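What follows is a set of notes on a single structure, which appears directly below.
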Amino acid sequence: MGVTAEILVYLVQTVLTLYLLAMLLRFLLQLVRADFYNPISQFLVKITNPLLLPLRKIIPGFAGMDLASLLLSILLQLLGIALVLWLVSAAFPPITLLVLWSVLGVAGLLVNIYFFALLAMIIISWVAPGSQNPAIFLLHQITEPVMGPFRKAVPPMGGLDFSPILLFVLINILQIVLRHMAGSVGLPPGLVIGL
């Protein structure tokens with residue numbers, strides 16, 4: 001791959017990763033029923049609405065899940081894979097394989113979002129406990145639904161909450177499973193955003 005192609009691949013992956021991240025955050029925030037009036041929520045709504053609103057007319061939500069944003073995330077991942085393959089002049093695999101790679105990439109990115117959100121919440125609890133920043137409030141709203149069952153399993157001991165350790169173990173197991181699944185379906189390393 002030449003210098004120009006490598007730069008283009010980097011730019012395509014960066015732009016699509018940022019937009020895909022925004023789309024998945026919007027999906028998660030709606031799933032956990034986060035504060036819609038939070039400035040960060042409003043920002044995510046404004047940047048994702050242009051692509052999401054037309055798709056919502058075709059694909060309704062189901063059981064509190066915004067299926068349109070999830071499908072759009074998979075389509076964006078597929079577009080990213082196709083653009084990278086085209087830029088590096090690689091052969092296109094069958095569409096079913098591209099869709100499978102995209103689903104794995106979106107799942108990997110969702111796991112990564114939770115990994116970094118949990119890590120941020122742990123650091124914030126040490127550095128700025130009780131802070132009222134809108135970003136911290138949204139991080140709490142995203143992580144609390146998954147942290148609740150772990151807190152019940154491992155209650156705080158001596159003022160320390162060890163439940164995030166269990167969640168980190170689960171996240172690492174999920175990352176290993178996703179990497180092996182990606183390898184088993186022939187996904188080239190570094191091609192998919194999120195894995």
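The values are calculated or read from the model by the stated rules, or taken from the named source; none is laboratory data. Note that the structure is a prediction, hence the values are computed from the model and not measured. Methodologically, a virtual Cβ is constructed for each residue, glycine included, from the backbone with ideal geometry; neighbour enumeration extends over all protein chains shown.
Computed quantities for the displayed model
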| quantity | calculated |
| --- | --- |
| Residues being part of a loop (DSSP other than H, G, I, E, B) and under 18 Å from LEU31 (Cβ atoms) - total across the stretch 62-103 | 3 |
| The stretch 1-58 - residue that is of a type in the set (Gly, Ala, Ser) and within 16 Å of LEU83 (Cα to Cα) and, of those, nearest to the chain's Cα centre (by Cα) | ALA5 |
| Any pair with Cβ under 7 angstrom, 6 or more apart, that starts in the stretch 164-181 at a residue that is without any contact (Cβ under 8 Å) to a residue 24 or more places away in the chain and ends at one that is assigned to a helix (DSSP H, G or I) and loosely packed, with under 12 Cβ neighbours inside 10 Å | LEU166/ALA153 |
| Failed item in (1) under 16 Å from ILE122 (Cα atoms); (2) touching a helix residue (DSSP H, G or I) at 6+ places or on another chain (Cβ under 6 Å), with ALA182 passing the rest | (1) |
| Residue match in the stretch 69-81 (condition: out of contact with any Asp or Glu (no Cβ under 8 Å at 6 or more places or on another chain), surrounded by fewer than 16 Cβ atoms within 10 Å (Cβ to Cβ), more than 30 Å from ALA5 (Cβ to Cβ) and among the hydroxyl-bearing types (Ser, Thr, Tyr)) | no |
| Criterion: closer than 26 Å to GLY105 by Cα and surrounded by 15 or more Cβ atoms within 10 Å (Cβ to Cβ) - qualifying residue of ILE165, ILE142, ILE173 | ILE142 |
| Test result for LEU16, on the phi < 0 side of the Ramachandran plot and in contact with a helix residue (DSSP H, G or I) (Cβ under 6 Å, 6 or more places away or on another chain) | yes |
| Residue match in the stretch 3-19 (condition: out of contact with any His (no Cβ under 9 Å at 6 or more places or on another chain) and within 20 Å of PRO145 (Cα to Cα)) | no |
| Check on ILE59, of a type in the set (A, V, I, L, M), within 24 Å of TRP101 (Cα to Cα) and assigned to a loop (DSSP other than H, G, I, E, B) | yes |
| Candidate set: the stretch 4-43, residues that are among the hydrophobic types (A, V, I, L, M, F, W, C) and not in a helix (DSSP H, G or I); chosen: the one modelled with the highest pLDDT | VAL32 |
| Test: residue in the stretch 104-125 that is over 26 Å from THR14 (Cβ atoms), assigned to a loop (DSSP other than H, G, I, E, B) and over 22 Å from the mean Cα position of the chain (by Cα) | no |
| Some residue of the stretch 125-148 being over 18 Å from ALA22 (Cα atoms) and in contact with a Phe, Trp or Tyr (Cβ under 7 Å, 6 or more places away or on another chain) | yes |
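Here is a yes/no grid of residues against (1) over 27 Å from ALA135 (Cα atoms); (2) touching a Cys at 6+ places or on another chain (Cβ under 7 Å); (3) surrounded by fewer than 16 Cβ atoms within 10 Å (Cβ to Cβ):
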{"residue": "LEU20", "(1), (2), (3)": "no, no, no"}
{"residue": "ASP35", "(1), (2), (3)": "no, no, yes"}
{"residue": "LEU52", "(1), (2), (3)": "no, no, no"}
{"residue": "PRO94", "(1), (2), (3)": "yes, no, yes"}
{"residue": "LEU98", "(1), (2), (3)": "yes, no, no"}
